[in-house]
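Structure first, then comments.
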Amino acid sequence: MNSLAIAPILLPLATAAIMVALGERRRNIKAVLGVVSTMMTLGIAVSLLLFADSAPAGEPAAISVYLVGNWAAPYGIVLVVDRLSSLMLVLASTVVLAGQLYSIARWHSAGMFFHALVQLLLMGLNGAFLTGDLFNLFVFFEVLLAASYGLVLHGSGAPRVKAGLHYIAVNLAASSLFLIGASLIYGAAGTLNMADLAARVPILPDDERMLMEAGAAILGVAFLVKAGMWPLCFWLPSAYALAVPPVAAIFSIMTKVGVYVILRLWPMVFGVDAGASAFFGSNWLLVGGILTVAFGVIGLLASQDLPRMAAYNVIISSGTLLAAIAAGSSGVTAGALFYLISSTLAVSAFFLLIDLIERGRIPGADVLVVTFEALSEEDEEEPDAADPVGIAIPATMAILGIGFAACALLLAGLPPLTGFVAKFLMLHAMFLPDGVAVGAHEVNGTTPTLGALSWTLMAMLLISGFAVMVAMARAGVRVFWVPMESTVPKVRFLEMVPIVSLLLLCATLTVQAGPVARFMDATAKSIHAPEGYVRGVLDVPRKRPEQPVIDGQPATAPATQEVSP
């Protein structure tokens, strides 16, 4: 299982190399190769998830550590598989697979090297989720960003190129901040290994602690740019709204990379055991998350086109997750993890669904027509009393309408789907004895109480759900109920498969909410009690070289060749 940890990185990398060698004329072969590769990566991710969740109740979580180059931490590169990283691997592979399947029907031929770029993006995502040190996190960030630069420009067009150039410029600036912050942290702590940082931060002297916190603040800004926190999210609505639909659907996981890194690093390095640095920046993170939700709600209500509505839903999702992380409670984090999965799948399906809905739009028309009958000559004549009252809705529009309603319920957090379950878990955890510690963190053992910021967070969770429901209902009425000039879109079966699959996956999570919630709770507890992660990374020994075999018997290796753990 330790060796399997590197497979989600090597498999997409090898597939991308083969695709580049094949050239652009064999696009269909590359499409099949890309889907097979992503499905294999998903299978590996599920295997790692089952392994990470295999520890019996009450025992430390199963941790798999792969030593790249056989150099032990903190000096070598390590890849770490635990519940959180394996969960993100499964989510990333699922979203990428949905986008790939949808693109085969139409969009993969709109530009060059689409499937190779998708594989490189998947490689960067998987590497970012698996790596155990900040430097290699930067490397994988740059890999996925370089691939995303090509994907955001896929399909060309002046508006798309303009938004894409803004996206590239902002992320290059964030990468520079990443390097500056990592350099300051290394200068203060002498290491970039995450587990080693968790062990060294509590014993840092005051002068080095200030440098460490300055580096962490700069590094946090870089992550928050990628996570889309206000006011650093100005680039996101245009970039996501103007990207081609399968790319926008895949990009629904991109902001979650920044959220993942904060979720991984903040409780580990600045948790209750961090000494004077405990809960560093928590209130800023909470305030930023609340303001991000407010900004997303305002943008959503002001949006008149569906792609920008989906983009603002991404911002609302990021703000909710950042504020929940800042709560510092394992119960709230468990609900946030549930919400992360639900919102990512729902937004990804929504981006794909929008393309099918808007395919029937006639240039210059404000809204979509519901049926062909609205354009027929019979509608201009006097109705016959014997004719049935009302307009028949074609099957295509009925299916799209059901999908739109499902996305609305998921994104708004209304019962009975996973969005409601996730928000209920977060709100319920805030009233528990170990509930929200934001604004009232207690390191000396006393029980934290709900503060003003915590009540604001709860209010924003409820208000954002109501606003999403209002905006989605308004858009649904305009799109499906008001007959205007348009045509019923032609939809291929292959285009409906990923949308239906994502929504069915959300429905499955709803039916299996109990086991899923238990998994999220175990994941959150391991995040807020990172001792098992730290020990698992720092205590893993190097592999000894294999002993030579002479006449069928293992020979004793010379003393000079022995490698100590």
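The values are calculated or read from the model by the stated rules, or taken from the named source; none is laboratory data. Values in this document were obtained by computation on a predicted structure and should not be read as measured data. When we count neighbours, we look across all protein chains shown, and the Cβ atoms used for this are built from the backbone with ideal geometry, even at glycine. Heavy atoms of the whole protein, side chains included, go into the accessibility calculation; ligands, DNA and RNA do not. Shrake-Rupley method; radii C 1.70, N 1.55, O 1.52, S 1.80 Å.
Output the residues belonging to the range 202-220 that are more than 30 Å from SER317 (Cβ to Cβ), open to solvent by less than 40 Å² (accessible area, probe 1.4 Å) and part of a helix (DSSP H, G or I).
Here is the first cut: in the range 202-220, the residues more than 30 Å from SER317 (Cβ to Cβ) are 202-212.
Narrowing the set further to residues that are open to solvent by less than 40 Å² (accessible area, probe 1.4 Å) leaves 204, 209, 212.
Listed by number, the residues that qualify are ARG209, MET212.
Is it true that VAL90 is free of Cβ contacts under 8 Å to residues at least 24 places away in the same chain, out of contact with any strand residue (DSSP E or B) (no Cβ under 7 Å at 6 or more places or on another chain) and either open to solvent by 20 Å² or more (accessible area, probe 1.4 Å) or basic (Lys, Arg) (or both)?
Details: free of Cβ contacts under 8 Å to residues at least 24 places away in the same chain: no; out of contact with any strand residue (DSSP E or B) (no Cβ under 7 Å at 6 or more places or on another chain): yes; either open to solvent by 20 Å² or more (accessible area, probe 1.4 Å) or basic (Lys, Arg) (or both): yes.
So VAL90 fails the test.
Go through the range 226-242 and give me each residue that's open to solvent by less than 10 Å² (accessible area, probe 1.4 Å), over 30 Å from ALA189 (Cα atoms) and among the aliphatic types (A, V, I, L, M).
Answer for the range 226-242, where residues must be open to solvent by less than 10 Å² (accessible area, probe 1.4 Å), over 30 Å from ALA189 (Cα atoms) and among the aliphatic types (A, V, I, L, M): LEU236, ALA239.
Hey, among VAL293, VAL247, VAL269, which residue is at pLDDT 90 or above, within 25 Å of ALA524 (Cβ to Cβ) and β-branched (Val, Ile, Thr)?
On the way: VAL247 fails: within 25 Å of ALA524 (Cβ to Cβ); VAL269 fails: at pLDDT 90 or above.
Matching residue, one of VAL293, VAL247, VAL269: VAL293.
Looking for whichever is crowded, with 23+ Cβ neighbours inside 10 Å, farther than 30 Å from ILE357 by Cβ and not small (Gly, Ala, Ser) here; the options are PHE251, PHE279, PHE223. Which one fits?
Details: PHE251 fails: farther than 30 Å from ILE357 by Cβ; PHE279 fails: crowded, with 23+ Cβ neighbours inside 10 Å.
Just a single option satisfies the conditions, and that option is PHE223.
Would the range 347-357 turn up any residue that is modelled with pLDDT under 50 and open to solvent by less than 10 Å² (accessible area, probe 1.4 Å)?
Filtering the range 347-357 down to residues modelled with pLDDT under 50 leaves none.
No, the range 347-357 contains no residue that is modelled with pLDDT under 50 and open to solvent by less than 10 Å² (accessible area, probe 1.4 Å).
Hey, among VAL90, VAL78, VAL95, which residue is touching a Leu at 6+ places or on another chain (Cβ under 8 Å) and more than 22 Å from PRO246 (Cα to Cα)? Spell out how you get there, then give the answer.
Values: VAL90 fails: more than 22 Å from PRO246 (Cα to Cα); VAL95 fails: more than 22 Å from PRO246 (Cα to Cα).
That would be VAL78, the only listed residue that is touching a Leu at 6+ places or on another chain (Cβ under 8 Å) and more than 22 Å from PRO246 (Cα to Cα).
Which condition does MET112 not pass, out of (1) part of a strand (DSSP E or B); (2) closer than 24 Å to MET254 by Cβ; (3) aliphatic (A, V, I, L, M), if it passes all the others?
Condition not satisfied by MET112: (1).
Out of (1) open to solvent by 40 Å² or more (accessible area, probe 1.4 Å); (2) under 19 Å from the mean Cα position of the chain (by Cα), what's the single condition that is false for LEU121?
(1)
Is at least one residue of the range 73-88 among the polar types (S, T, N, Q) and closer than 18 Å to LEU263 by Cβ? Give the steps one after another, and end with the answer.
Within the range 73-88, the first condition is being among the polar types (S, T, N, Q), and the residues that meet it are 85-86.
When the remaining residues are screened for being closer than 18 Å to LEU263 by Cβ, the result is 85-86.
Within the range 73-88 (the criterion being among the polar types (S, T, N, Q) and closer than 18 Å to LEU263 by Cβ), the answer is yes, since at least one residue qualifies.
Scan VAL46, VAL36, VAL80, VAL65 and give me the residue that is in a helix (DSSP H, G or I), touching a residue at least 12 places away in the same chain (Cβ under 8 Å) and out of contact with any Asp or Glu (no Cβ under 8 Å at 6 or more places or on another chain).
Values: VAL36 fails: touching a residue at least 12 places away in the same chain (Cβ under 8 Å); VAL80 fails: in a helix (DSSP H, G or I); VAL65 fails: in a helix (DSSP H, G or I).
Selected residue: VAL46, the only one of VAL46, VAL36, VAL80, VAL65 that is in a helix (DSSP H, G or I), touching a residue at least 12 places away in the same chain (Cβ under 8 Å) and out of contact with any Asp or Glu (no Cβ under 8 Å at 6 or more places or on another chain).
If you take the residues of the range 1-26 that are surrounded by 17 or more Cβ atoms within 10 Å (Cβ to Cβ) and either of a type in the set (Lys, Arg) or under 19 Å from PRO246 (Cβ atoms) (or both), which of them is modelled with the lowest pLDDT?
By that ranking, first place goes to MET19.
Quick check: is even one residue across the range 119-133 touching a residue at least 60 places away in the same chain (Cβ under 8 Å) and among the acidic types (Asp, Glu)? Explain how you work it out, then say what you get.
Quick first cut of the range 119-133, residues touching a residue at least 60 places away in the same chain (Cβ under 8 Å) only: 119-123, 125-130, 132-133.
Filter again for among the acidic types (Asp, Glu), leaving 133.
Checked the range 119-133: at least one residue is touching a residue at least 60 places away in the same chain (Cβ under 8 Å) and among the acidic types (Asp, Glu).
Does ILE298 satisfy the criteria of being more than 22 Å from the chain's Cα centre (by Cα), of a type in the set (A, V, I, L, M, F, W, C) and either in a helix (DSSP H, G or I) or within 20 Å of TYR339 (Cβ to Cβ) (or both)?
Values: more than 22 Å from the chain's Cα centre (by Cα): yes; of a type in the set (A, V, I, L, M, F, W, C): yes; either in a helix (DSSP H, G or I) or within 20 Å of TYR339 (Cβ to Cβ) (or both): yes.
Judged against the criteria, ILE298 is a match.
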